[in-house]
Number of protein chains: 4
Amino acid sequence: MDQEEMGKGIIRLTCPDQPGVIASVSQFLYGKNADIAKVDQFSTDYHNGTIFARFEFNLDGLSDKLNLLKADFTDIAQKFTMNWDIRDASRRKKLAIFVSKEDHCLQDLLIRWRTGELKADISMIVSNHNDMRGIAESFGILYHHVPVTKATLHEAEEKHLQLLEGKADAVVLARYMQIIPSKMIERYQNRIINIHHSFLPAFIGGKPYQQAFDRGVKLIGATAHFVTQDLDEGPIIEQDVSRVDHRHQVSDLKRIGRDLERIVLAKGIRYYLNDKVFVNGNKTVVFH
Amino acid sequence: MDQEEMGKGIIRLTCPDQPGVIASVSQFLYGKNADIAKVDQFSTDYHNGTIFARFEFNLDGLSDKLNLLKADFTDIAQKFTMNWDIRDASRRKKLAIFVSKEDHCLQDLLIRWRTGELKADISMIVSNHNDMRGIAESFGILYHHVPVTKATLHEAEEKHLQLLEGKADAVVLARYMQIIPSKMIERYQNRIINIHHSFLPAFIGGKPYQQAFDRGVKLIGATAHFVTQDLDEGPIIEQDVSRVDHRHQVSDLKRIGRDLERIVLAKGIRYYLNDKVFVNGNKTVVFH
Amino acid sequence: MDQEEMGKGIIRLTCPDQPGVIASVSQFLYGKNADIAKVDQFSTDYHNGTIFARFEFNLDGLSDKLNLLKADFTDIAQKFTMNWDIRDASRRKKLAIFVSKEDHCLQDLLIRWRTGELKADISMIVSNHNDMRGIAESFGILYHHVPVTKATLHEAEEKHLQLLEGKADAVVLARYMQIIPSKMIERYQNRIINIHHSFLPAFIGGKPYQQAFDRGVKLIGATAHFVTQDLDEGPIIEQDVSRVDHRHQVSDLKRIGRDLERIVLAKGIRYYLNDKVFVNGNKTVVFH
Amino acid sequence: MDQEEMGKGIIRLTCPDQPGVIASVSQFLYGKNADIAKVDQFSTDYHNGTIFARFEFNLDGLSDKLNLLKADFTDIAQKFTMNWDIRDASRRKKLAIFVSKEDHCLQDLLIRWRTGELKADISMIVSNHNDMRGIAESFGILYHHVPVTKATLHEAEEKHLQLLEGKADAVVLARYMQIIPSKMIERYQNRIINIHHSFLPAFIGGKPYQQAFDRGVKLIGATAHFVTQDLDEGPIIEQDVSRVDHRHQVSDLKRIGRDLERIVLAKGIRYYLNDKVFVNGNKTVVFH
């Protein structure tokens, strides 16, 4: 429970764009005595497109009224053929963090979590190595070492799915250097967030900093994206770049990149936790 | 008339925050068979604050229906104590550009205007010098040379006000290096846009690039802001910066700054022309 | 002749890295009573690599002494197996600008040229269309209309080479939308500067803004690079990016991109004109 | 001892600009069989100015030869009236970190230190509170709690000076919220690095994020600078900014600012540790 967020609710919806969507939801909330704090809305095309909308509202006693609110919303939802959800923002989401051997993103997330900036419950850290156990334990977080080889990929996946069952709303790949098999991707569709160390779609595949060095780019980047079946092709949530030049060796690109990765991943996760990210085909709508 | 914008309307409003504002306006537009294309809304504080909202909608035959629409809106406006306006976006705003001796911002605006990027009518260029007449004439724009000295400041102001009468929705100071007297500021309140060559509030006053050089900053900036009675203190619309270092002389800062100024001013004007800028005390709300 | 640059000379050199290179050139200039104003030096690897160096110096009467200086430098150059050049900076370089139908880069360069920021002689504008003739003439610059079709590609190339003969140190492709054939690329090796409208290597090929829109990136970019036989693969001189989001249509990306393209191209050209760009394989060394 | 840096030396010098400085030092190193890896040089004005130069070289057995090298350099140094130093880069500098109650900069530095990115010895953490003792101890670093009140300011200063004696080449103020008295500033001249949470010179003094919020700026910044007797007026080492808008409350500015502060402080310290920062009056020359 997040005391600061008590009474705060969020309606997220997508539906075919048509007149009356915003008005109807606004009217609905008004009729429930809810204060609308924020409306974000985007339409891909107002004649024929899809509307994405997010309403942030305040309603005393929301936790108790949530089920009733959802039941009452059904009429509007059906009328406009909505995909929708209403969430109690005081209920923290649960995150599982996957990591391999590089710890900069993990450490960054853990410090943001301990200082209260990252508003989520971190239910576990999962790794194909044992290296990060000490860090996990110093933060009092469960650590699961699940070795992965080419031969044991699906066995490991089953183990992962068991560990996650009921314990994770989303999975964060904080420099986890193993392939995510398709069953897991399906089960956690648009809920696995990866940090890729290039400004995608440049430098897809392995060793992006080496690729960037070889190509002689003047900017390097990092990309937070949802994981899909197509490697490095999932919907992009957030990106940023830093300036580099000929004096930078690959090791410098990695050092500069670490700061980019930490900040871009932390931003991507924050948008997700605040229910601000919608997936639109292979792209995202992010209400900052 | 802007054919591309035919039928597009914009409602802008501010009022004390209270339940029902967004719902009521949405409902109003829905009742008029208008398609809502975009809703932007911001509240300084949802308990006790001020709400700023902008509705972009499409309505066939808007030009003919505008007065009726305004009349019908009065009920809602009164109920919520709104400051409001409904505008037909196909009616282009009229700009007067003031300039002195440096032409980079002026040239930039004129090229954007000629290519159709700057969607406004430029009704005149006004200068305290005669240097830019050739440029104005090559673009087919009226040029008024109004000399200004300390002694003739108010005489010049009267001349300016006569020239502008009915011919300008807003005034752009594109590196106009004279004081704007208070009568003009009052008459064009929140409609005089200046480009200042620093990241305000740093380096208020004269010679900001020299000041920046002397202080040894590692970033220089530019600021587009509304002009108020307090020099360089008006509401900031847009800012940007560029990186500099010890190798840059004052002349380099000026060169780098020119690009910043051109881009920041053009952005500030575009936001204004699209009715996206609201003034909130000494600050702005800009719906990008 | 550029009066401001009188007496200013530039030595550029590359050679296998070995002890004594910087010392010997410094000593050489000292012996000639030249003031060294700036030394830039980069080695790809100080054991086994290549050194790139640029010396900026001041020497009274340089124009008259240039040939003698070059003759005297031969000893050092041979000792260290240098590729080298000594240039009189007061002799302006000659640029030919190629353009097709989009004029934003051309206009930008012409204004920078007229205000004295772009320190070069623009000897001609060449286009496969006739659209820009008016602009060229308003700036008093020769305009050559050389139509190009698939069938006449090599005929056009011959025409281009004739026009350029003796009239261009470098060619700027300011949104020139035709293939440059190999003979021209060879003759003007590392002297054809193109502006590409993406952060290469992302979105190689046609319609990069459409590609960027389809991929849903959060940053768009522009790249100034030398043209080589491999399309969009030449050495990158300069890059920059701007932030975009889901609200931006392809037309918005184009608008935002125009500003990026103008600034990145102008920077790339300035570095080239100031002898600050070295080609290192498929990469560049740029001494800012 | 830093094994990776064995044999690497750095000459830093400033002197009146005059012909022969670069040549003489290059020649000196050449004569010692040192490989010059990098030369950075800047002159405020090549007629009458001051030259700042940094030579990075490699010389087998440098540690043993350092004193001899220094002795032999004296002739050149006297000839050109240099302020100079030759340093063995394998000898790590010692840092003392001062902190109050906000831990984000401290944590960031400690993680960079543990992963080997921050190449220094952290000899102690000093605080006017006891809050960070646990963090310090988890990293195995000495923690000194030195309470400070207005009445005990100079007593505390004496304590600080005792603690630092022989144990610190430089002092890092990682959000240390107390005044540094003049005796300490003198003793550690240009060796006390502070992180200020604004883009100085904007928002000098207390509560810069509140000031930034009140002024409605569109960018917030952070500044790493040397501490001088004039509060917030010392030479700026590094600055950066992030974009904000009307939706950001003061708490958001603080959150966004924390990332800026961490990165700007880490950069400033890295430049200092690599001997890349020179103080030039109230400005810096930083060879990136």
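Coordinate-derived values only; no laboratory data. This is a predicted model, so every value here is computed, not measured. With ideal geometry, Cβ positions are generated from the backbone for all residues, glycine too; neighbour counts draw on all protein chains shown.
Key figures
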item	result
Among beta bridges that DSSP assigns inside the protein assembly as shown, antiparallel share in %, nearest 5	70
Fewest-first sequence of B:154, A:225, B:104 by Cβ atoms within 10 Å of each Cβ	B:154, B:104, A:225
FRET E, pair residue D:60, residue C:72, Förster distance 35 Å, beta-carbon r, rounded to 0.05	0.55
Anisotropy class of segment B:1-107 from Cα gyration tensor, a/c 1.5 cut	oblate
Euclidean distance of C-alpha centroids, segment B:229-284 and segment D:187-215, integer Å	22
Cα gyration tensor shape for segment A:94-286, rounded if a/c is under 1.5, else prolate or oblate	rounded
Label point 7 Å beyond Cα along the C-beta direction, distances from residue A:116 to other copies (nm, shortest first)	3.7, 5.4, 5.9
Nearest-0.05 FRET efficiency for residue A:121 and residue B:33, computed from C-beta distance (R0 56 Å)	0.75
Neighbour-limited loop hits for trypsin sites (Lys or Arg not before Pro), segment B:193-288 (at most 15 other Cβ within 10 Å; DSSP other than H, G, I, E, B)	B:247
Residues B:30, D:176 arranged by fewest to most Cβ contacts within 10 Å	B:30, D:176
Per-copy distances of the residue D:49 label point, shortest first, in nm (7 angstrom along Cα→Cβ)	2.6, 4.8, 5.2
Per-residue mean of C-beta atoms belonging to partner chains within 10 Å, peptide A:277-283	2
For residue C:284, residues with placed amide H under 5 Å, excluding near neighbours	C:236
Whole-angstrom gap from segment B:53-105 to segment C:106-169, using each part's C-alpha centre	44
Contact order normalised by residue count of segment A:3-88, Cα under 8 Å, 6+ apart, percent	45
GluC sites (Glu not before Pro) restricted to DSSP loop in segment B:85-185 with at most 16 other C-beta within 10 Å	B:117, B:165
Prolate/oblate/rounded label for segment B:194-288 (Cα gyration tensor, a/c 1.5)	prolate
Set of aspartates and glutamates near residue C:32 by C-alpha distance (under 12 Å), chain-local residues within fewer than 8 positions excluded	C:60, C:72
Peptides ranked, highest mean first, by Cβ atoms within 10 Å: ranges A:56-62, D:38-44	D:38-44, A:56-62
Position residue C:177, label points 7 Å along Cα→Cβ, spacing to each other copy in nm (shortest first, one decimal)	4.1, 4.5, 5.9
Spatially proximal lysines relative to residue C:183 (Cα-Cα < 24 Å; intrachain offsets below 8 disregarded)	C:93, C:94, C:150, C:159, C:167, C:283
Cross-link partners of residue B:101 among aspartates and glutamates (Cα-Cα below 13 Å; sequence separation of 8 or more within a chain)	B:131
10 Å Cβ neighbours from other chains, averaged over peptide A:36-43	6
Fewest-first ranking of B:164, A:66, using other Cβ atoms within 10 Å as the exposure measure	A:66, B:164
For chain A, share of DSSP beta bridges that run antiparallel, in % to the nearest 5	70
